[in-house]
1. Keeping to the stretch B:49-71, report how many residues are more than 10 Å from chain A (Cβ to nearest Cβ) and either open to solvent by 20 Å² or more (accessible area, probe 1.4 Å) or touching a strand residue (DSSP E or B) at 6+ places or on another chain (Cβ under 9 Å) (or both).
2. Considering the stretch B:24-48 alone, what residues qualify as being of a type in the set (A, V, I, L, M, F, W, C) and open to solvent by 50 Å² or more (accessible area, probe 1.4 Å)?
3. Can A:ALA71 be described as in contact with a Leu (Cβ under 8 Å, 6 or more places away or on another chain) and under 16 Å from B:GLN105 (Cβ atoms)?
4. Quickly run through the stretch B:71-80 and pick out the residues that are farther than 14 Å from B:ASP6 by Cβ and within 16 Å of the chain's Cα centre (by Cα).
5. Looking at the stretch B:1-12 only, could you name the residues that are within 14 Å of chain A (Cβ to nearest Cβ) and under 12 Å from B:GLN60 (Cα atoms)?
6. What single numbered condition from (1) more than 7 Å from chain A (Cβ to nearest Cβ); (2) surrounded by fewer than 18 Cβ atoms within 10 Å (Cβ to Cβ) fails to hold for B:GLU112?
7. Based on this model, can you work out whether B:ILE91 counts as at pLDDT 85 or above, within 10 Å of another protein chain (Cβ to nearest Cβ), open to solvent by less than 50 Å² (accessible area, probe 1.4 Å) and touching a helix residue (DSSP H, G or I) at 6+ places or on another chain (Cβ under 9 Å)?
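The values are calculated or read from the model by the stated rules, or taken from the named source; none is laboratory data. Note that the structure is a prediction, hence the values are computed from the model and not measured. With ideal geometry, Cβ positions are generated from the backbone for all residues, glycine too; neighbour counts draw on all protein chains shown. For the accessible areas, the whole protein counts, side chains as well, though only heavy atoms, and no ligand, DNA or RNA atoms are used. Shrake-Rupley method; radii C 1.70, N 1.55, O 1.52, S 1.80 Å.
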There are 2 protein chains.
Amino acid sequence: MAKNYDIALLYDFYGDLLTEKRRAVFEDYYDNDLSLSEIAANEGVSRQGIHDTLKKGEEQLRGLEAKLGLAARFRQISEKAEQIIALSKTIADRGDPAIAAAALQIKQTAEELKSLG
Amino acid sequence: MAKNYDIALLYDFYGDLLTEKRRAVFEDYYDNDLSLSEIAANEGVSRQGIHDTLKKGEEQLRGLEAKLGLAARFRQISEKAEQIIALSKTIADRGDPAIAAAALQIKQTAEELKSLG
């Protein structure tokens, strides 16, 4: 089973809706980068048990995204923020000082916005 | 019970996680603007029953927002998009044609972004 970074992204959004047990396994696997066998040994359960917990959690996360679509919406927001950052750089490089200052403010705001996306 | 538009906002985000029964009551109450008594008559249940369904749904929506905080994050995104729109208008009004064109592109992108927030 390869680590799936789409799932890691969905976990960032919806992870707090998983049970505590599932969250612990997800965190060991994705954040602490432990192997299935290592998590199984730590928890005193079988490797298959950990595998099943991850699979069930993945299904839950995908189900939440299928219903709410918020991760996809945030991805679109990030892309648009990137476009604004690029455009504001163009203006900052060309404009007079007052315009350059406004363009830099746009760039900064878009960067803050991107960090929310 | 006054209609609570914070709840209507949370319903927009998380409504698809409510049971079908709760969703039907929320939609009649918030989207179709029916009264508790009207919904109760339509569903053949008591007004108190509809009141309880709404209260339980509200608790569920608030619980989801307390855990995920996505509605608050989207609100911040919208505010930042508004700032970018205002700044880009300033630039568009002052710059040479090439700069004005870039500023209008920024404005348009920020408006699209705002519609996602």
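1. Step one: filter the stretch B:49-71 for residues more than 10 Å from chain A (Cβ to nearest Cβ), giving B:49-62, B:65.
Pick out the ones that are also either open to solvent by 20 Å² or more (accessible area, probe 1.4 Å) or touching a strand residue (DSSP E or B) at 6+ places or on another chain (Cβ under 9 Å) (or both) and you get B:49, B:51-52, B:55-56, B:59-60, B:62, B:65.
Looking only at that region, the number is 9.
2. Residues of the stretch B:24-48 of a type in the set (A, V, I, L, M, F, W, C): B:24-26, B:34, B:36, B:39-41, B:45.
B:ALA41, B:VAL45, listed by residue number.
3. Details: in contact with a Leu (Cβ under 8 Å, 6 or more places away or on another chain): yes; under 16 Å from B:GLN105 (Cβ atoms): no.
No: the conditions fail for A:ALA71.
4. Those that are farther than 14 Å from B:ASP6 by Cβ and within 16 Å of the chain's Cα centre (by Cα): B:ARG73, B:GLN76, B:ILE77, B:SER78, B:GLU79.
5. Within the stretch B:1-12, B:LEU10, B:TYR11 qualify.
6. Answer for B:GLU112: the failing condition is (1).
7. no
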